[in-house]
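What follows is a single structure, written as structure tokens, with notes after it.
FYI, it's all coordinate maths here, none of it is from the lab. Quick caveat, the model's predicted, so the values are computed rather than measured. Cβ sites come from the backbone with ideal geometry, for glycine too, and all protein chains shown count toward neighbours.
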Amino acid sequence: MKAVIFDLDGVITDTAEYHFQAWGSLAAALDIPFDREFNEQLKGISRTESLDKILARGNLSDAYSDEGRRELATQKNTEYQRLISALTPADVLPGIKALLAELQDARIGIALASASKNAAFILERLELTRYFDSVVDVTAIRHGKPDPEIFLTGAANLGVQPADCIGIEDAQAGIQAIKGAGMFAVGVGTPSQMQGADIVVATTAELSLRMLEDYFFRD
Ligand code: XGP
Ligand code: MG
């Protein structure tokens, strides 16, 4: 076990909830039905892909020009950025800061593999930037989750083999990406939402270096 590669939204902090709220406001404005079950499909995928899925759900796939779609995506992001502007270090999910400190002390590589273009800003707000040896540049990624590219890039940036990495995710697309990369997958959530994960924890409070090592070496 040489590195741990983290998703951000819903793993390090509960910004998955803010994405839900911001996409929900946009969907409501467009009169498109939106609920938590549908929202699961938007977790881990890019802003433009998320918007495409929402418009498809409202049978509005052909209703907007490229410019119109850009405006809708910007509208959602403006609302999302309003929600995350008040984030503080107190918004780091339970157990995460202790885990990052343990990994750093043990000289285990730490990378971030988030689909979000807001990731660097959020790490800054949470005062966690210093723990990360690599934050994958999502603008340079050609294939988003569930493709393994973002996790493979994280491993390459750290100079470690995928088989020596653990990936931690709260989205089905993310678990698929981790497994596609040949890594050990830890899911945060319910087993039905984390199919294919090697282990599933209900909350991040259950995560620790000791527990990750126990499962990783048992596998
Ligand atoms: P960004 C976000 C997407 O808008 C959101 O739908 C995804 O669930 C999230 O990334 C995954 O982490 O991307 O709009 O913050 O760039
Ligand atoms: Mg996530």
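Relative contact order (percent) for the chain, with alpha-carbon contacts under 8 angstrom and 6 or more residues of separation?
Over the chain, the number comes to 26 percent.
Can you give the relative contact order of region 49-163 as a percent, counting alpha carbon pairs under 8 Å and 6+ residues apart?
21 percent
Give me the dipole magnitude in Debye, nearest 20, for the chain about the Cα centre, with unit charges on the beta carbon: positive for Lys and Arg, negative for Asp and Glu.
Taking the Cα centre of the chain as origin, the dipole is about 220 debye.
Each residue of region 8-24 in order: what ³J(HN,Hα) in whole Hz does its phi give by Karplus 6.51 cos²θ - 1.76 cosθ + 1.60, θ = phi - 60°, with x for Gly and Pro?
Once θ is set to phi - 60°, the couplings for region 8-24 become 9, 5, x, 10, 8, 8, 8, 5, 4, 5, 5, 4, 4, 5, 5, 5, x Hz.
Mind giving me the nanometre distance, one decimal, between the label points for E49 and D35, set 7 Å out from Cα along Cα→Cβ?
It works out to 2.5 nm between the two label points.
Out of all DSSP beta bridges with both ends in the chain, state the antiparallel percent to the nearest 5.
Counting only bridges with both partners in the chain, antiparallel ones make up about 5 percent.
Count charges around G187 for me, please; just the other residues with Cβ under 12 Å from its Cβ, Lys/Arg as +1, Asp/Glu as -1.
Combined, the nearby Lys, Arg, Asp and Glu give -3.
Could you give the dipole magnitude of region 100-193 about its Cα centre, charging the beta-carbon of Lys and Arg +1 and that of Asp and Glu -1, in debye to the nearest 20?
Its charge dipole is roughly 200 debye.
Once amide H atoms are placed 1.01 Å from N in the peptide plane, what residues at a sequence separation of 5 or more from V200, or on another chain, have their amide H within under 5 Å of its amide H?
G187
Got a sec to turn the phi values of region 81-86 into Karplus ³J(HN,Hα) couplings, 6.51 cos²θ - 1.76 cosθ + 1.60 with θ = phi - 60°, whole Hz, x for Gly and Pro?
5, 5, 5, 8, 5, 9
Please check: in the Gaussian network model of the chain (C-alpha springs, under 10 Å), which one of G187, G24, G159 has the largest mean-square fluctuation.
The residue that fluctuates most here is G159.
Rounded if a/c is under 1.5, else prolate if a/b beats b/c, else oblate: with a ≥ b ≥ c from the C-alpha gyration tensor eigenvalues square-rooted, which is region 100-189?
The shape class here is rounded.
Taking only DSSP H segments of four or more residues, each worth -39500 (n - 2.57), what value at 222 nm results for the chain once the sum is divided by all its residues, to the nearest 500 deg cm²/dmol?
-13000 deg cm²/dmol
Would you mind working out the magnitude of the charge dipole of region 1-78 relative to its Cα centre, with +1 at each Lys and Arg C-beta and -1 at each Asp and Glu C-beta, to the nearest 20 Debye?
Dipole size: approximately 180 debye.
What percentages, rounded to whole numbers, describe P(r) for the chain computed over all alpha carbon pairs with 5 Å bin width beginning at zero?
Binned Cα distances yield the sequence 1, 7, 16, 19, 20, 16, 10, 6, 3, 1, 0.
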